[in-house]
1. So ASP85 ticks every box in (1) exposed (fewer than 13 other Cβ atoms within 10 Å of the Cβ); (2) at pLDDT 95 or above; (3) closer than 15 Å to PRO29 by Cβ but one. Which box is left unticked?
2. I'm trying to understand the selection: among the residues of the stretch 8-32, which are at pLDDT 50 or above and open to solvent by 50 Å² or more (accessible area, probe 1.4 Å)?
3. Is it the case that GLN90 is at pLDDT 85 or above, polar (S, T, N, Q) and open to solvent by 40 Å² or more (accessible area, probe 1.4 Å)?
4. Quick one: which of ALA52, ALA73, ALA35, ALA60 is over 18 Å from the mean Cα position of the chain (by Cα) and open to solvent by less than 80 Å² (accessible area, probe 1.4 Å)?
Amino acid sequence: MTRIDWLTQTALLAVVLLTASPAFADDVPKLDVGATCRAGAEAYPGGGGEKACLADEQDARTTLTQQWSQYSAESRRRCTQMVSDIPGTQSYIELLSCLEMARDAQGLPKDKL
């Protein structure tokens with residue numbers, strides 16, 4: 001193998017590893033909102049039910065898909081970690097709320113913090 005072939009293969013491997021890693025993902029994460037909605041429906045039987053919850057979660061995911069690139073990479077990472085850490089509590093609504101609050105907080109005057 002020539003030096004150029006080795007460099008090309010190494011560069012391609014680096015690209016594959018970087019783009020496959022969740023830490024570098026630039027897409028809305030896949031969350032298990034089903035468990036969250038089931039738990040909510042059981043805890044609050046008169047609250048609209050699992051079907052309504054799933055519809056709300058899908059609406060939030062659609063909004064996130066449209067606006068994802070508008071949020072900073074640090075906010076996306078931090079908020080995604082926050083909503084992903086505890087199984088059964090994952091929510092696109094919570095993720096969207098976290099990102100909106102982070103964006104709004106960045107816009108506050110520094111002397112008011």
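1. Tallying (1) exposed (fewer than 13 other Cβ atoms within 10 Å of the Cβ); (2) at pLDDT 95 or above; (3) closer than 15 Å to PRO29 by Cβ, ASP85 fails exactly one: (2).
2. Our first condition is that a residue be at pLDDT 50 or above; within the stretch 8-32, this holds for 8-9, 25-32.
THR8, GLN9, ALA25, ASP26, ASP27, LYS30, ASP32, listed by residue number.
3. Numbers: at pLDDT 85 or above: yes; polar (S, T, N, Q): yes; open to solvent by 40 Å² or more (accessible area, probe 1.4 Å): no.
Here the answer is no, as GLN90 does not meet what is asked.
4. On the way: ALA73 fails: over 18 Å from the mean Cα position of the chain (by Cα); ALA35 fails: over 18 Å from the mean Cα position of the chain (by Cα); ALA60 fails: over 18 Å from the mean Cα position of the chain (by Cα).
Exactly one of ALA52, ALA73, ALA35, ALA60 is over 18 Å from the mean Cα position of the chain (by Cα) and open to solvent by less than 80 Å² (accessible area, probe 1.4 Å), namely ALA52.
The values are calculated or read from the model by the stated rules, or taken from the named source; none is laboratory data. Note that the coordinates shown come from a computational prediction; the quantities given were computed from them, not determined experimentally. In this analysis, Cβ positions are derived from the backbone assuming ideal geometry, glycine residues included, and neighbour counts consider all displayed protein chains. Just so you know, the surface numbers come from the protein's heavy atoms only, side chains and all, with ligands and any DNA or RNA stripped out. Shrake-Rupley method; radii C 1.70, N 1.55, O 1.52, S 1.80 Å.
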